[in-house]
Amino acid sequence: MNLSLSMVNGERGVVALFVSCVLFSLPSSLLCHGLNLAVLSFFALFLDISAENSASLSHFKTRPGASSGILLGAVALPTVMISKLIQLTRAYSLHQIELQELEHMTMQYWATSASCFGVLIYLCIVMQRAPKPMHPPQSNSVWVATWSLICIVLYAVTCCVSLATISQTGSNTALKLLWELFHGLVAVKLLQQLLNCFPSCASIGEVLLVTAGLVLYFGDMLAYTIAKVSGRLISADFITVRYGIKRSEISIIIQGLTVGLLLFPIFFRFVLRKCERSFGDGYSEERRNNEIQRSLLFFASLGFILIVIVPSWMQFVHGFQVHPIIWVFAFVFSEPFKRLSLCIYWVSLICASVLRFYNISKNSKIERILLRKYYHLMAVLMFVPALIFQPKFLDLGFGAALAVFLALEIMRVWRIWPLGQLIHQFMNAFTDHRDSDLLIVSHFSLLLGCAFPIWMSSGFNDRPLAPFAGILSLGIGDTMASMVGYKYGVLRWSKTGKKTVEGTAAGITSVLAACSVLLPLLASTGYILSEHWFSLILAVTLSGLLEAYTTQLDNAFIPLIFYSLLCL
């Protein structure tokens, strides 16, 4: 396939520079992982170009106006994991962490990589089976098949070599390979379900990012559970390497709440069907006409999941000595003045901002994109003080906010009385072309974009700005780029896009200025500064350029790029 200049667009160019920077920073011990990431990137680039030049993936109903995003979606999360591996390798060489923690992250990388590569193989098969034009060039079909086979073989070899070295012995490599293959297969099935259940809500790259994250999160929870229930049936080496790392209580609570709420719609649908079968068609007709009964059933099921099922899992698998709700109250009141004051500050700021912005959205002609950026600024005011002075409590706060967002979105989608319709009307006041009536994701992407770097920085972290990656890139950089570009932008990056050079320059400059203020503040609070300005400037520049060029959901991808480069 001829790679013309038109095929190497701005988004692909930024992603190529991003991956190249990470690969250039790899230590010799991670060369196998780097080769694997390079193969994954080339394969994703090949499919990204193929999808743009053909209609082979047109049967997937993706978000209008967005490119396929296959390259960005495939490399984002694996590159984050390999950047974290680089950071942990530095720590291991200085004897600051144990070997188990490094091997744990290695398995995390391969699980994520396997999920993305499995989806790429599936997309490649879909493209090959798509109807071809009359008399397609035979040499082109042979070249496509050959290139795909080479990528698959190289990927399998690098995976086998790396997994065989974990735990210093080559034992149980087949079991580890089977576990990674499981991730790939589940990722393919989940991607199909998400694209079918939520048509026109996201691009393929965005769904791929969500798929890889969910499979990794669910897989981690499943393996912990299996290891607890039937530890003797699984190799002790496998359990120790993959799931022997001590988890904090906060991370366990967040994982239990998130997975429980994500599985709740399936459970609720099952309960509804059981009620219909038990009471017959008459009850089914009455239920459809009686929103109060449906609402009571919804909240009873939700309470059963969150108060009984999820805490039981935490206590059984992770050995919680008390009910998690009691643990949360004890944690909050261990420093009551600081943490309750922070809660009051958050609630007051949220209530004042939400009421103000909602009234503006109804009575003003201000563009919705600018209204949404005010929430980005609000995130800076909320999260920066908490991250500096109460980072653990902020972790718990992010988990609670994510749980509330999930519960409200489920109510909105199911139109649960009495809040469902009200939530829908309120959320529609802030939606744009990237949201739909079926699924509104912008607030999720903002929350997770700010939270993910903080969660990833738990444990060892020798880059003090890494936890701030989401807050800086979204709360300051993205906001200033949008506001300056909207009001003063003249020079556009492309003829069809709306992003301007002035906006991008403002975003990059504002983040660098914020970092120059934040670093001395962190030093005054006891942080040991080890940030390299070269990696910081590189991270700010590439994340700013990605915001300018990408048609994907930038709230989801920009923090990942920024965080990965800061860790180098």
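The values are calculated or read from the model by the stated rules, or taken from the named source; none is laboratory data. These numbers were taken from a predicted model, which means no experiment stands behind them. Note that we place each Cβ from the backbone using ideal geometry, even for glycine, and neighbour counts take in every protein chain shown. These accessible areas exclude ligands, DNA and RNA; they are computed on the full protein's heavy atoms, side chains included. Shrake-Rupley method; radii C 1.70, N 1.55, O 1.52, S 1.80 Å.
Structure notes:
- Heavy-atom accessible surface of residue 541, to the nearest 10 Å², is about 50 Å², with a 1.4 Å probe and all protein chains retained.
- Segment 110-131-segment 26-54 distance, computed between alpha-carbon centres (Å): 13
- Pairwise FRET efficiency - residue 197 versus residue 42, Cβ, R0 = 25 Å, nearest 0.05: 0.20
- Cα-based convex hull, segment 446-568, per residue volume (Å³, whole number): 92
- Label-point separation, residue 161 to residue 95 (7 Å along Cα→Cβ), nm: 3.1
- Full extension of the chain between residue 296 and residue 125 gives 57.0 nm of extra length, using 0.36 nm per residue less the Cα-Cα distance.
- For residue 347, the solvent-accessible surface with a 1.4 Å probe is about 90 Å², rounded to the nearest 10.
- Built amide H within the under 5 Å cut-off of residue 568, gap 5+: none
- Between residue 340 and residue 400, the contour length at 0.36 nm per residue exceeds the Cα-Cα span by 20.1 nm.
- Only protein heavy atoms count here; under a 1.4 Å probe, residue 327 has an accessible surface of about 60 Å².
- Efficiency of FRET between residue 425 and residue 304 - r from beta-carbon atoms, R0 22 angstrom, step 0.05: 0.15
- Segment 1-129 - Rg over Rh from alpha carbon coordinates, Kirkwood radius: 1.04
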